[in-house]
Amino acid sequence: MVNQTPFFPKRTLSIDVAYDRLERELFGRWTLFDSGKGITVTNCEGKKVHFTGDTEYVGAAQEIFWGGFFEPDFKRVITEQIDQTVKDCEIHPELAQAILSETADLLRKFSRRVYERVAEVDQRIRGQGDPNITQRRTVEDRIKALNAEIDVFTEAARKLLNPSLRRQWLHPLLKLAGVRTIP
């Protein structure tokens, strides 16, 4: 990015730290699936899965892996990053659009990175430690879906930070709550 805001290094570091946590707490533990020792993994919602050392990576194990186990953690990173970006924008409203665009771009890179890593771990487990034995699963649809959510959250943040748009949705809410407002 040529014209980075002053918040770019901070946001990049924060997303990298979040990715490192996912690597440590989720991806890294799944890489031990075929170690014969068993694994226990807990996502950010407290959903815990445990597989004994003799569990095969078929059926239920694969369904858990690809069935939405990781997504709550991915979405948590996205919402935390956008929430922090909104706070940064409140301090520097003149940079709001640039900061939000920058964060959205960084989060799209994050979504590709996490899903490519999930596909890599899956390939390695299916290959029983040798990823060259099996073909990597395509994750483009999952990346697109997560990017669409990033766009929704980013657009909501833009509306929240835009004073004229904020009045458009805040005024009816205040009226419903019985608060007198000036039109």
**Q.** Inter-site label distance for D83 and N3 at 7 Å from Cα along Cβ, in nm
**A.** 3.1 nm
Q) Of the residues I125, I133, I150, which exhibits the maximal mean-square fluctuation in a Gaussian network model of the chain defined by a 10 Å Cα contact cut-off? A) I133
**Q.** Exceeding the 18 Å Cα-Cα cut-off - candidates K10/K87; K47/K109; K109/K144; K87/K159; K48/K144; K75/K109
**A.** K47/K109; K48/K144
Q.
I want the local charge near D20. Using Cβ-Cβ distances under 12 Å, sum +1 for each Lys or Arg and -1 for each Asp or Glu among the other residues.
A. +1
Q.
If each residue of separation counts as 0.36 nm, what is the full-extension length gain between D16 and K159 once their alpha-carbon separation is subtracted?
A. 48.8 nm
Q: Specify the inter-centroid distance of the stretch 98-165 and the stretch 1-64, based on alpha-carbon positions, in whole Å.
A: 14 Å
Q) How many nm separate the modelled label positions at E45 and H92, each set 7 Å beyond the Cα in the direction of the Cβ? A) 3.6 nm
**Q.** the stretch 18-35 - phi-based ³J(HN,Hα) in whole Hz, Karplus 6.51/-1.76/1.60, Gly and Pro as x
**A.** 5, 4, 4, 5, 4, 4, 5, 8, 10, 4, x, 5, 5, 5, 8, 3, 9, 7
Q. Rounded to the nearest 500, what is the chain's calculated 222 nm mean residue ellipticity when only DSSP H runs of at least 4 contribute -39500 (n - 2.57) each, over all residues?
A. -20500 deg cm²/dmol
**Q.** ³J(HN,Hα), Karplus 6.51/-1.76/1.60, whole Hz, each residue of the stretch 119-131, x for Gly, Pro
**A.** 5, 5, 4, 4, 4, 5, 5, 4, x, 6, x, 10, x
Q | At R0 = 30 Å, FRET efficiency that the Cβ-Cβ distance of R136 and T55 yields, to 0.05 | A | 0.85
Q: Only one of the values (1) 18.0, 73; (2) 20.4, 68; (3) 14.8, 42 was calculated from this structure for Rg and Dmax of the Cα atoms in Å; name its label.
A: (2)
Q. Got a sec to turn the phi values of the stretch 88-100 into Karplus ³J(HN,Hα) couplings, 6.51 cos²θ - 1.76 cosθ + 1.60 with θ = phi - 60°, whole Hz, x for Gly and Pro?
A. 4, 5, 5, 6, 10, x, 5, 9, 3, 5, 5, 5, 5
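Read-outs: derived from the displayed coordinates by stated rules, not from any lab. Keep in mind that what you see is a predicted model, and the values were worked out from it rather than measured. Cβ sites come from the backbone with ideal geometry, for glycine too, and all protein chains shown count toward neighbours.
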